[in-house]
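First comes the structure, then the notes that go with it.
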There are 2 protein chains.
Amino acid sequence: MNRRDILPHACDLYLQGGIEAVSMRRLARDLGVTAPALYRHYASREEILLEVVSESYRLCAEHLSRALSGRTPAERFHLTGEGYLNFALRHPKFYEMMHAPAHTLGAAVFPADLMARMDGVGQFFNDRVRECIEAELLRPLGAQEISLTLWAHAHGLISIYLRGCLHMDEEAFRLVFHESNRRIMHGMVTPLYEATQKDLPQDTAAVA
Amino acid sequence: MNRRDILPHACDLYLQGGIEAVSMRRLARDLGVTAPALYRHYASREEILLEVVSESYRLCAEHLSRALSGRTPAERFHLTGEGYLNFALRHPKFYEMMHAPAHTLGAAVFPADLMARMDGVGQFFNDRVRECIEAELLRPLGAQEISLTLWAHAHGLISIYLRGCLHMDEEAFRLVFHESNRRIMHGMVTPLYEATQKDLPQDTAAVA
DNA sequence: CGACGTGAGTTAACATCATTAACAATGAAT
DNA sequence: ATTCATTGTTAATGATGTTAACTCACGTCG
(Lines give C-alpha, C1' and ligand atoms only; values in the text may rest on other atoms or scores of the structure.)
Protein backbone atom coordinates (compact mmCIF):
# COMPACT_ATOMS: atom_id res chain seq x y z
CA MET A 1 0.00 0.00 0.00
CA ASN A 2 1.24 3.51 -0.75
CA ARG A 3 0.09 7.11 -0.94
CA ARG A 4 -1.59 6.58 -4.29
CA ASP A 5 -3.86 3.90 -2.83
CA ILE A 6 -4.87 6.03 0.14
CA LEU A 7 -5.85 9.27 -1.61
CA PRO A 8 -8.86 7.92 -3.59
CA HIS A 9 -10.36 6.43 -0.45
CA ALA A 10 -9.81 9.69 1.40
CA CYS A 11 -11.59 11.54 -1.41
CA ASP A 12 -14.47 9.06 -1.30
CA LEU A 13 -14.90 9.55 2.42
CA TYR A 14 -14.77 13.32 2.01
CA LEU A 15 -17.33 13.30 -0.81
CA GLN A 16 -19.67 11.16 1.26
CA GLY A 17 -19.57 12.92 4.60
CA GLY A 18 -17.40 16.01 4.45
CA ILE A 19 -14.09 16.67 6.14
CA GLU A 20 -15.05 15.27 9.50
CA ALA A 21 -15.95 11.95 7.88
CA VAL A 22 -12.29 11.48 6.95
CA SER A 23 -11.09 9.76 10.11
CA MET A 24 -7.92 7.75 10.35
CA ARG A 25 -9.70 4.69 11.68
CA ARG A 26 -12.45 4.77 9.07
CA LEU A 27 -9.98 5.40 6.27
CA ALA A 28 -7.79 2.54 7.48
CA ARG A 29 -10.78 0.22 7.68
CA ASP A 30 -11.74 0.96 4.08
CA LEU A 31 -8.19 0.06 3.09
CA GLY A 32 -8.25 -3.18 5.08
CA VAL A 33 -5.65 -1.98 7.52
CA THR A 34 -5.39 -0.47 11.01
CA ALA A 35 -5.10 3.23 11.72
CA PRO A 36 -1.45 3.50 12.76
CA ALA A 37 -0.42 1.92 9.45
CA LEU A 38 -1.46 5.15 7.71
CA TYR A 39 1.29 6.99 9.55
CA ARG A 40 3.83 5.04 7.50
CA HIS A 41 2.68 7.05 4.50
CA TYR A 42 1.33 10.30 5.89
CA ALA A 43 2.64 12.22 8.86
CA SER A 44 -0.84 13.20 10.03
CA ARG A 45 -4.50 13.46 9.14
CA GLU A 46 -3.85 17.07 8.20
CA GLU A 47 -1.41 15.94 5.52
CA ILE A 48 -4.04 13.65 4.03
CA LEU A 49 -6.65 16.42 3.97
CA LEU A 50 -4.19 18.76 2.28
CA GLU A 51 -3.69 16.11 -0.37
CA VAL A 52 -7.44 16.11 -0.98
CA VAL A 53 -7.25 19.88 -1.41
CA SER A 54 -4.40 19.42 -3.85
CA GLU A 55 -6.48 16.91 -5.79
CA SER A 56 -9.25 19.50 -5.95
CA TYR A 57 -6.90 21.98 -7.58
CA ARG A 58 -5.72 19.32 -10.02
CA LEU A 59 -9.31 18.61 -11.06
CA CYS A 60 -10.01 22.32 -11.44
CA ALA A 61 -6.92 22.84 -13.58
CA GLU A 62 -8.01 19.92 -15.71
CA HIS A 63 -11.38 21.56 -16.38
CA LEU A 64 -9.76 24.87 -17.19
CA SER A 65 -7.19 23.39 -19.53
CA ARG A 66 -9.94 22.30 -21.90
CA ALA A 67 -10.45 25.97 -22.69
CA LEU A 68 -7.24 25.80 -24.70
CA SER A 69 -9.19 24.03 -27.43
CA GLY A 70 -10.80 27.37 -28.28
CA ARG A 71 -9.47 28.82 -31.53
CA THR A 72 -9.61 32.53 -30.72
CA PRO A 73 -8.79 34.54 -27.60
CA ALA A 74 -12.51 35.24 -27.21
CA GLU A 75 -13.35 31.54 -27.39
CA ARG A 76 -10.65 30.56 -24.91
CA PHE A 77 -11.76 33.37 -22.60
CA HIS A 78 -15.34 32.22 -22.73
CA LEU A 79 -14.46 28.55 -22.29
CA THR A 80 -12.34 29.39 -19.26
CA GLY A 81 -15.33 30.85 -17.48
CA GLU A 82 -17.46 27.89 -18.54
CA GLY A 83 -14.82 25.45 -17.36
CA TYR A 84 -14.63 27.08 -13.96
CA LEU A 85 -18.39 27.09 -13.61
CA ASN A 86 -18.68 23.49 -14.78
CA PHE A 87 -16.04 22.34 -12.35
CA ALA A 88 -17.81 24.04 -9.47
CA LEU A 89 -21.24 22.65 -10.38
CA ARG A 90 -20.08 19.14 -11.22
CA HIS A 91 -17.76 18.80 -8.25
CA PRO A 92 -19.17 21.11 -5.58
CA LYS A 93 -17.47 19.30 -2.71
CA PHE A 94 -14.09 19.59 -4.37
CA TYR A 95 -14.81 23.22 -5.16
CA GLU A 96 -15.61 23.77 -1.51
CA MET A 97 -12.41 22.01 -0.50
CA MET A 98 -10.38 24.37 -2.72
CA HIS A 99 -11.51 27.26 -0.58
CA ALA A 100 -11.45 25.64 2.85
CA PRO A 101 -9.67 27.81 5.42
CA ALA A 102 -6.39 26.28 6.57
CA HIS A 103 -7.46 25.87 10.18
CA THR A 104 -10.45 23.78 9.07
CA LEU A 105 -7.95 21.14 8.00
CA GLY A 106 -5.97 21.47 11.21
CA ALA A 107 -3.19 23.31 9.40
CA ALA A 108 -1.77 26.66 10.46
CA VAL A 109 -0.79 27.62 6.92
CA PHE A 110 -0.89 26.09 3.45
CA PRO A 111 2.26 24.28 2.28
CA ALA A 112 4.26 25.69 -0.60
CA ASP A 113 3.25 23.09 -3.19
CA LEU A 114 -0.41 23.91 -2.61
CA MET A 115 0.27 27.62 -2.96
CA ALA A 116 1.96 26.79 -6.25
CA ARG A 117 -1.13 25.00 -7.51
CA MET A 118 -3.26 27.97 -6.47
CA ASP A 119 -0.99 30.35 -8.34
CA GLY A 120 -1.17 28.07 -11.37
CA VAL A 121 -4.94 28.41 -11.57
CA GLY A 122 -4.62 32.17 -11.19
CA GLN A 123 -1.96 32.27 -13.89
CA PHE A 124 -4.27 30.51 -16.32
CA PHE A 125 -6.88 33.23 -15.84
CA ASN A 126 -4.21 35.90 -16.28
CA ASP A 127 -3.06 34.45 -19.59
CA ARG A 128 -6.57 34.24 -21.03
CA VAL A 129 -7.22 37.86 -20.09
CA ARG A 130 -3.90 39.05 -21.48
CA GLU A 131 -4.75 37.46 -24.84
CA CYS A 132 -8.04 39.36 -24.91
CA ILE A 133 -6.39 42.66 -24.05
CA GLU A 134 -3.89 42.14 -26.85
CA ALA A 135 -6.76 41.35 -29.21
CA GLU A 136 -8.38 44.59 -28.00
CA LEU A 137 -11.48 42.83 -26.73
CA LEU A 138 -10.80 44.00 -23.18
CA ARG A 139 -9.71 47.46 -22.16
CA PRO A 140 -6.03 47.79 -21.21
CA LEU A 141 -6.60 47.90 -17.45
CA GLY A 142 -3.93 45.34 -16.58
CA ALA A 143 -4.28 41.62 -17.16
CA GLN A 144 -3.73 40.67 -13.53
CA GLU A 145 -6.16 43.29 -12.35
CA ILE A 146 -8.98 42.29 -14.69
CA SER A 147 -8.28 38.64 -14.07
CA LEU A 148 -8.59 39.10 -10.33
CA THR A 149 -11.84 40.99 -10.71
CA LEU A 150 -13.35 38.27 -12.87
CA TRP A 151 -12.13 35.47 -10.65
CA ALA A 152 -13.43 37.19 -7.52
CA HIS A 153 -16.84 37.72 -9.05
CA ALA A 154 -17.12 34.15 -10.31
CA HIS A 155 -15.92 32.66 -7.05
CA GLY A 156 -18.16 34.84 -4.94
CA LEU A 157 -21.24 34.10 -6.99
CA ILE A 158 -20.59 30.37 -7.07
CA SER A 159 -19.86 30.12 -3.38
CA ILE A 160 -23.04 32.01 -2.56
CA TYR A 161 -25.02 29.64 -4.77
CA LEU A 162 -23.40 26.52 -3.36
CA ARG A 163 -24.31 27.61 0.15
CA GLY A 164 -27.95 27.57 -0.88
CA CYS A 165 -28.51 31.28 -0.30
CA LEU A 166 -29.93 31.65 -3.79
CA HIS A 167 -33.15 29.70 -3.96
CA MET A 168 -32.86 28.28 -7.46
CA ASP A 169 -31.81 25.16 -9.31
CA GLU A 170 -28.64 24.69 -11.30
CA GLU A 171 -30.11 25.65 -14.64
CA ALA A 172 -31.47 28.91 -13.27
CA PHE A 173 -28.13 29.64 -11.64
CA ARG A 174 -26.25 29.18 -14.92
CA LEU A 175 -28.42 31.93 -16.37
CA VAL A 176 -27.84 34.16 -13.35
CA PHE A 177 -24.12 33.53 -13.63
CA HIS A 178 -24.01 34.59 -17.26
CA GLU A 179 -26.20 37.61 -16.71
CA SER A 180 -24.05 38.75 -13.81
CA ASN A 181 -20.96 38.35 -15.93
CA ARG A 182 -22.53 40.49 -18.61
CA ARG A 183 -23.17 43.18 -16.01
CA ILE A 184 -19.59 43.38 -14.82
CA MET A 185 -18.24 43.23 -18.36
CA HIS A 186 -20.39 46.12 -19.57
CA GLY A 187 -20.73 48.13 -16.39
CA MET A 188 -23.73 49.13 -14.36
CA VAL A 189 -23.50 52.90 -13.90
CA THR A 190 -25.16 55.84 -15.62
CA PRO A 191 -23.33 59.04 -16.61
CA LEU A 192 -24.75 60.64 -13.45
CA TYR A 193 -22.81 58.20 -11.27
CA GLU A 194 -19.36 59.68 -11.81
CA ALA A 195 -20.35 63.07 -10.47
CA THR A 196 -21.29 61.55 -7.13
CA GLN A 197 -17.87 59.96 -6.64
CA LYS A 198 -16.23 63.13 -5.36
CA ASP A 199 -16.63 64.10 -1.72
CA LEU A 200 -17.79 60.72 -0.47
CA PRO A 201 -17.74 60.41 3.33
CA GLN A 202 -15.51 58.09 5.34
CA ASP A 203 -16.96 55.22 7.29
CA THR A 204 -17.29 56.11 10.97
CA ALA A 205 -14.86 54.51 13.41
CA ALA A 206 -15.02 50.97 14.76
CA VAL A 207 -17.69 49.95 17.22
CA ALA A 208 -16.28 47.06 19.26
CA MET B 1 -25.40 31.01 34.20
CA ASN B 2 -27.41 31.33 31.00
CA ARG B 3 -27.03 31.50 27.23
CA ARG B 4 -25.89 35.10 27.35
CA ASP B 5 -22.93 34.18 29.56
CA ILE B 6 -21.85 31.30 27.35
CA LEU B 7 -21.83 32.96 23.93
CA PRO B 8 -19.03 35.49 24.59
CA HIS B 9 -16.73 32.75 25.86
CA ALA B 10 -17.57 30.62 22.82
CA CYS B 11 -16.68 33.56 20.58
CA ASP B 12 -13.42 34.08 22.46
CA LEU B 13 -12.44 30.45 21.99
CA TYR B 14 -13.35 30.61 18.31
CA LEU B 15 -11.37 33.79 17.75
CA GLN B 16 -8.34 32.28 19.45
CA GLY B 17 -8.19 28.87 17.82
CA GLY B 18 -10.90 28.46 15.22
CA ILE B 19 -13.94 26.23 15.25
CA GLU B 20 -12.17 23.17 16.56
CA ALA B 21 -10.96 25.12 19.59
CA VAL B 22 -14.56 25.48 20.74
CA SER B 23 -14.85 22.28 22.76
CA MET B 24 -17.49 21.69 25.38
CA ARG B 25 -14.92 20.84 28.04
CA ARG B 26 -12.74 23.85 27.31
CA LEU B 27 -15.73 26.16 27.13
CA ALA B 28 -17.08 24.81 30.41
CA ARG B 29 -13.72 25.23 32.09
CA ASP B 30 -13.55 28.87 31.04
CA LEU B 31 -16.97 29.35 32.59
CA GLY B 32 -15.94 27.66 35.86
CA VAL B 33 -18.27 24.74 35.30
CA THR B 34 -18.20 21.18 33.98
CA ALA B 35 -19.07 20.18 30.42
CA PRO B 36 -22.47 18.55 30.92
CA ALA B 37 -23.74 21.74 32.54
CA LEU B 38 -23.65 23.39 29.12
CA TYR B 39 -26.32 21.00 27.91
CA ARG B 40 -28.78 22.70 30.26
CA HIS B 41 -28.60 25.73 27.98
CA TYR B 42 -27.66 24.37 24.55
CA ALA B 43 -28.78 21.08 23.05
CA SER B 44 -25.40 20.46 21.44
CA ARG B 45 -22.08 21.91 20.42
CA GLU B 46 -23.55 22.49 16.96
CA GLU B 47 -26.16 24.80 18.49
CA ILE B 48 -23.43 26.85 20.15
CA LEU B 49 -21.45 27.15 16.91
CA LEU B 50 -24.57 28.25 15.05
CA GLU B 51 -25.01 30.94 17.66
CA VAL B 52 -21.49 32.17 16.90
CA VAL B 53 -22.45 32.32 13.24
CA SER B 54 -25.56 34.26 14.17
CA GLU B 55 -23.42 36.66 16.18
CA SER B 56 -21.24 37.14 13.09
CA TYR B 57 -24.27 38.17 11.08
CA ARG B 58 -25.34 40.52 13.84
CA LEU B 59 -21.94 42.19 13.82
CA CYS B 60 -22.01 42.46 10.04
CA ALA B 61 -25.46 44.01 10.06
CA GLU B 62 -24.25 46.46 12.67
CA HIS B 63 -21.43 47.60 10.41
CA LEU B 64 -23.74 47.90 7.44
CA SER B 65 -26.37 49.84 9.34
CA ARG B 66 -23.95 52.71 9.82
CA ALA B 67 -24.27 53.37 6.10
CA LEU B 68 -27.71 54.80 6.83
CA SER B 69 -25.99 57.91 8.14
CA GLY B 70 -25.20 58.83 4.52
CA ARG B 71 -27.34 61.71 3.28
CA THR B 72 -27.73 60.73 -0.37
CA PRO B 73 -28.32 57.39 -2.12
CA ALA B 74 -24.76 57.63 -3.50
CA GLU B 75 -23.33 58.17 -0.03
CA ARG B 76 -25.31 55.32 1.49
CA PHE B 77 -24.34 53.08 -1.40
CA HIS B 78 -20.67 53.90 -0.94
CA LEU B 79 -20.79 53.52 2.83
CA THR B 80 -22.43 50.13 2.48
CA GLY B 81 -19.49 48.82 0.53
CA GLU B 82 -17.09 50.39 3.02
CA GLY B 83 -18.99 48.91 5.93
CA TYR B 84 -18.87 45.44 4.45
CA LEU B 85 -15.15 45.75 3.74
CA ASN B 86 -14.44 47.16 7.19
CA PHE B 87 -16.35 44.37 8.86
CA ALA B 88 -14.41 41.74 6.93
CA LEU B 89 -11.01 43.32 7.63
CA ARG B 90 -11.65 44.15 11.27
CA HIS B 91 -13.31 40.84 12.12
CA PRO B 92 -11.88 38.34 9.64
CA LYS B 93 -12.69 35.33 11.80
CA PHE B 94 -16.32 36.39 12.12
CA TYR B 95 -16.42 37.08 8.41
CA GLU B 96 -15.11 33.57 7.80
CA MET B 97 -17.71 32.16 10.16
CA MET B 98 -20.48 33.85 8.19
CA HIS B 99 -19.55 31.77 5.19
CA ALA B 100 -18.71 28.48 6.89
CA PRO B 101 -20.40 25.53 5.18
CA ALA B 102 -23.08 23.95 7.36
CA HIS B 103 -21.34 20.60 7.67
CA THR B 104 -18.26 22.32 9.10
CA LEU B 105 -20.39 23.10 12.13
CA GLY B 106 -21.79 19.59 12.30
CA ALA B 107 -25.14 20.79 10.99
CA ALA B 108 -26.93 19.32 8.00
CA VAL B 109 -28.69 22.57 7.14
CA PHE B 110 -28.90 26.09 8.53
CA PRO B 111 -31.83 26.82 10.86
CA ALA B 112 -34.51 29.23 9.78
CA ASP B 113 -33.53 32.09 12.07
CA LEU B 114 -30.03 32.08 10.58
CA MET B 115 -31.41 32.08 7.05
CA ALA B 116 -33.49 35.08 8.07
CA ARG B 117 -30.39 36.95 9.22
CA MET B 118 -28.68 36.11 5.93
CA ASP B 119 -31.63 37.40 3.96
CA GLY B 120 -31.60 40.55 6.07
CA VAL B 121 -28.06 41.37 5.02
CA GLY B 122 -28.96 40.70 1.40
CA GLN B 123 -32.02 42.90 1.71
CA PHE B 124 -29.91 45.79 2.95
CA PHE B 125 -27.80 45.60 -0.19
CA ASN B 126 -30.93 45.41 -2.33
CA ASP B 127 -32.39 48.54 -0.78
CA ARG B 128 -29.21 50.58 -1.27
CA VAL B 129 -29.06 49.55 -4.91
CA ARG B 130 -32.74 50.30 -5.49
CA GLU B 131 -32.23 53.80 -4.18
CA CYS B 132 -29.42 54.35 -6.66
CA ILE B 133 -31.45 53.03 -9.56
CA GLU B 134 -34.28 55.37 -8.64
CA ALA B 135 -31.79 58.24 -8.47
CA GLU B 136 -30.59 57.15 -11.92
CA LEU B 137 -27.05 56.56 -10.74
CA LEU B 138 -27.26 52.87 -11.69
CA ARG B 139 -28.75 51.50 -14.86
CA PRO B 140 -32.20 49.88 -14.49
CA LEU B 141 -30.98 46.30 -14.62
CA GLY B 142 -32.94 45.13 -11.59
CA ALA B 143 -32.04 45.95 -8.00
CA GLN B 144 -31.75 42.33 -6.87
CA GLU B 145 -29.64 41.45 -9.89
CA ILE B 146 -27.17 44.30 -9.47
CA SER B 147 -27.07 43.77 -5.74
CA LEU B 148 -26.18 40.12 -6.18
CA THR B 149 -23.45 40.97 -8.64
CA LEU B 150 -21.91 43.51 -6.29
CA TRP B 151 -22.18 41.25 -3.27
CA ALA B 152 -20.65 38.31 -5.14
CA HIS B 153 -17.73 40.39 -6.31
CA ALA B 154 -17.06 41.88 -2.89
CA HIS B 155 -17.37 38.55 -1.13
CA GLY B 156 -15.20 36.74 -3.64
CA LEU B 157 -12.46 39.33 -3.52
CA ILE B 158 -12.45 39.50 0.25
CA SER B 159 -12.43 35.77 0.73
CA ILE B 160 -9.54 35.41 -1.71
CA TYR B 161 -7.61 38.06 0.21
CA LEU B 162 -8.37 36.57 3.62
CA ARG B 163 -7.04 33.22 2.45
CA GLY B 164 -3.70 34.87 1.80
CA CYS B 165 -3.71 34.19 -1.93
CA LEU B 166 -3.03 37.84 -2.65
CA HIS B 167 0.40 38.69 -1.35
CA MET B 168 -0.28 42.15 0.02
CA ASP B 169 -1.06 43.95 3.25
CA GLU B 170 -4.41 45.38 4.26
CA GLU B 171 -3.75 48.87 2.95
CA ALA B 172 -2.77 47.58 -0.47
CA PHE B 173 -5.84 45.37 -0.52
CA ARG B 174 -8.16 48.28 0.20
CA LEU B 175 -6.83 49.94 -2.94
CA VAL B 176 -7.23 46.75 -4.95
CA PHE B 177 -10.78 46.42 -3.65
CA HIS B 178 -11.74 49.89 -4.73
CA GLU B 179 -10.06 49.58 -8.12
CA SER B 180 -11.81 46.28 -8.76
CA ASN B 181 -15.13 47.86 -7.84
CA ARG B 182 -14.45 50.65 -10.29
CA ARG B 183 -13.84 48.06 -13.01
CA ILE B 184 -17.13 46.24 -12.50
CA MET B 185 -19.06 49.49 -12.19
CA HIS B 186 -17.72 50.91 -15.46
CA GLY B 187 -17.15 47.71 -17.42
CA MET B 188 -14.05 46.21 -18.94
CA VAL B 189 -14.87 45.51 -22.57
CA THR B 190 -14.08 47.33 -25.81
CA PRO B 191 -16.60 47.81 -28.63
CA LEU B 192 -14.93 44.85 -30.39
CA TYR B 193 -15.97 42.50 -27.61
CA GLU B 194 -19.65 42.33 -28.42
CA ALA B 195 -19.05 41.02 -31.93
CA THR B 196 -17.24 37.98 -30.51
CA GLN B 197 -20.18 36.98 -28.32
CA LYS B 198 -22.09 35.23 -31.10
CA ASP B 199 -21.17 31.66 -32.06
CA LEU B 200 -19.23 30.85 -28.90
CA PRO B 201 -18.50 27.13 -28.50
CA GLN B 202 -19.88 24.87 -25.78
CA ASP B 203 -17.63 23.38 -23.14
CA THR B 204 -16.79 19.78 -23.99
CA ALA B 205 -18.41 17.02 -21.93
CA ALA B 206 -17.42 15.93 -18.43
CA VAL B 207 -14.16 14.12 -17.88
CA ALA B 208 -14.64 11.96 -14.81
C1' DC C 1 24.17 -19.07 4.56
C1' DG C 2 23.48 -15.97 8.40
C1' DA C 3 23.36 -11.20 10.23
C1' DC C 4 21.40 -7.02 9.63
C1' DG C 5 18.56 -3.28 8.54
C1' DT C 6 14.44 -1.40 6.50
C1' DG C 7 9.65 -0.95 5.38
C1' DA C 8 5.01 -1.91 6.64
C1' DG C 9 2.09 -3.72 9.40
C1' DT C 10 0.24 -5.00 14.26
C1' DT C 11 -1.71 -4.30 19.32
C1' DA C 12 -2.04 -1.52 23.39
C1' DA C 13 -2.19 2.73 25.27
C1' DC C 14 -3.01 7.90 26.11
C1' DA C 15 -5.38 12.03 26.00
C1' DT C 16 -9.19 14.28 24.25
C1' DC C 17 -13.69 14.73 22.35
C1' DA C 18 -19.30 15.04 22.48
C1' DT C 19 -22.81 13.19 24.79
C1' DT C 20 -25.81 10.70 28.20
C1' DA C 21 -27.49 8.74 32.64
C1' DA C 22 -28.04 9.11 37.35
C1' DC C 23 -27.83 11.79 41.11
C1' DA C 24 -27.49 16.09 44.32
C1' DA C 25 -28.33 20.72 45.85
C1' DT C 26 -30.78 24.96 45.75
C1' DG C 27 -34.65 27.83 45.89
C1' DA C 28 -39.39 29.23 44.89
C1' DA C 29 -44.31 28.20 45.10
C1' DT C 30 -48.21 25.84 46.89
C1' DA D 1 -43.32 21.40 54.96
C1' DT D 2 -43.59 19.42 50.58
C1' DT D 3 -43.14 19.56 45.84
C1' DC D 4 -41.03 20.76 41.67
C1' DA D 5 -38.06 22.85 38.35
C1' DT D 6 -33.51 24.55 37.69
C1' DT D 7 -28.78 23.90 37.57
C1' DG D 8 -25.28 21.80 38.65
C1' DT D 9 -22.29 17.34 39.63
C1' DT D 10 -19.72 12.61 38.79
C1' DA D 11 -19.23 8.49 36.12
C1' DA D 12 -19.48 6.30 31.93
C1' DT D 13 -19.68 5.32 26.72
C1' DG D 14 -17.80 5.27 22.41
C1' DA D 15 -15.17 7.79 19.09
C1' DT D 16 -11.17 10.52 17.83
C1' DG D 17 -5.66 11.48 16.49
C1' DT D 18 -1.45 9.92 17.74
C1' DT D 19 2.56 7.37 19.84
C1' DA D 20 5.29 3.43 21.64
C1' DA D 21 6.72 -1.06 21.32
C1' DC D 22 6.66 -4.96 18.85
C1' DT D 23 6.42 -8.42 14.78
C1' DC D 24 7.17 -10.05 10.34
C1' DA D 25 8.77 -10.24 5.55
C1' DC D 26 12.19 -9.02 2.45
C1' DG D 27 16.55 -7.58 0.38
C1' DT D 28 21.50 -6.84 0.92
C1' DC D 29 25.97 -7.61 2.28
C1' DG D 30 29.78 -10.14 4.71
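The residues listed here are B:21, B:43, B:67, B:61; of these, the one that is within 14 Å of chain A (Cβ to nearest Cβ), closer than 25 Å to residue B:118 by Cβ and within 15 Å of DNA strand D (Cβ to nearest atom) is B:21.
Residue by residue, here is whether (1) more than 14 Å from DNA strand C (Cβ to nearest atom); (2) open to solvent by less than 80 Å² (accessible area, probe 1.4 Å); (3) of a type outside the set (A, V, I, L, M, F, W, C) holds:
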position	(1), (2), (3)
A:11	yes, yes, no
A:14	yes, yes, yes
A:17	yes, yes, yes
A:21	yes, yes, no
A:33	no, yes, no
A:38	no, yes, no
A:41	no, yes, yes
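Could you tell me whether residue B:131 is in the same structural domain as residue B:90 (by TED's automatic domain parsing) and assigned to a helix (DSSP H, G or I)? Spelling it out, residue B:131 is indeed in the same structural domain as residue B:90 (by TED's automatic domain parsing) and assigned to a helix (DSSP H, G or I). Scanning the stretch B:73-99 for residues that are more than 28 Å from residue A:97 (Cβ to Cβ) and more than 7 Å from chain A (Cβ to nearest Cβ) yields B:73, B:76, B:77, B:80, B:81.
Applying the set (1) free of Cβ contacts under 8 Å to residues at least 12 places away in the same chain; (2) within 14 Å of another protein chain (Cβ to nearest Cβ) to residue B:56 leaves exactly one unmet item: (1). Selection of the stretch A:187-199 for residues being outside any loop (DSSP other than H, G, I, E, B) and either at the interface with chain B (Cβ under 7 Å from one of its Cβ atoms) or hydroxyl-bearing (Ser, Thr, Tyr) (or both) yields A:189, A:192, A:193. Pairing each residue of the stretch B:1-28 that is within 17 Å of residue B:105 (Cβ to Cβ) with any residue that is β-branched (Val, Ile, Thr), provided the two are 6+ apart or on different chains, yields C-beta distances under 6 Å for B:10/B:22; B:10/B:48; B:10/B:52; B:11/B:52; B:13/B:22; B:14/B:22; B:14/B:52.
Would you check if there is a residue in the stretch A:82-94 being touching a Lys or Arg at 6+ places or on another chain (Cβ under 7 Å) and open to solvent by 20 Å² or more (accessible area, probe 1.4 Å)? No, the stretch A:82-94 contains no residue that is touching a Lys or Arg at 6+ places or on another chain (Cβ under 7 Å) and open to solvent by 20 Å² or more (accessible area, probe 1.4 Å). The set of residues from the stretch A:100-123 being closer than 22 Å to residue B:101 by Cα, out of contact with any Ser or Thr (no Cβ under 7 Å at 6 or more places or on another chain) and not aliphatic (A, V, I, L, M) comprises A:101, A:103, A:106, A:110. Of everything in the stretch A:59-72 that is closer than 18 Å to residue A:96 by Cβ and free of Cβ contacts under 8 Å to residues at least 40 places away in the same chain, the residue that is most open to solvent (accessible area, probe 1.4 Å) is A:62. Within the stretch B:163-186, being open to solvent by less than 70 Å² (accessible area, probe 1.4 Å) and either at pLDDT below 95 or more than 8 Å from every other protein chain (Cβ to nearest Cβ) (or both) holds for B:163, B:164, B:165, B:166, B:168, B:172, B:173, B:174, B:177, B:178, B:181.
If the condition is being polar (S, T, N, Q) and facing another protein chain (nearest Cβ under 7 Å), then the stretch B:136-158 contributes only B:149.
Restricting B:145, B:136 to those that are surrounded by fewer than 21 Cβ atoms within 10 Å (Cβ to Cβ) and either in a helix (DSSP H, G or I) or not assigned by TED's automatic domain parsing to the domain that holds residue B:64 (or both) reduces the list to B:145. Note on the stretch B:43-53: residues that are within 16 Å of residue B:101 (Cβ to Cβ) and more than 8 Å from DNA strand C (Cβ to nearest atom) amount to 4.
The values are calculated or read from the model by the stated rules, or taken from the named source; none is laboratory data. Computed from a predicted model, the values in this text were never measured in an experiment. Cβ atoms come from the backbone with ideal geometry, glycine included; neighbour counts cover every protein chain shown. Just so you know, the surface numbers come from the protein's heavy atoms only, side chains and all, with ligands and any DNA or RNA stripped out. Shrake-Rupley method; radii C 1.70, N 1.55, O 1.52, S 1.80 Å.
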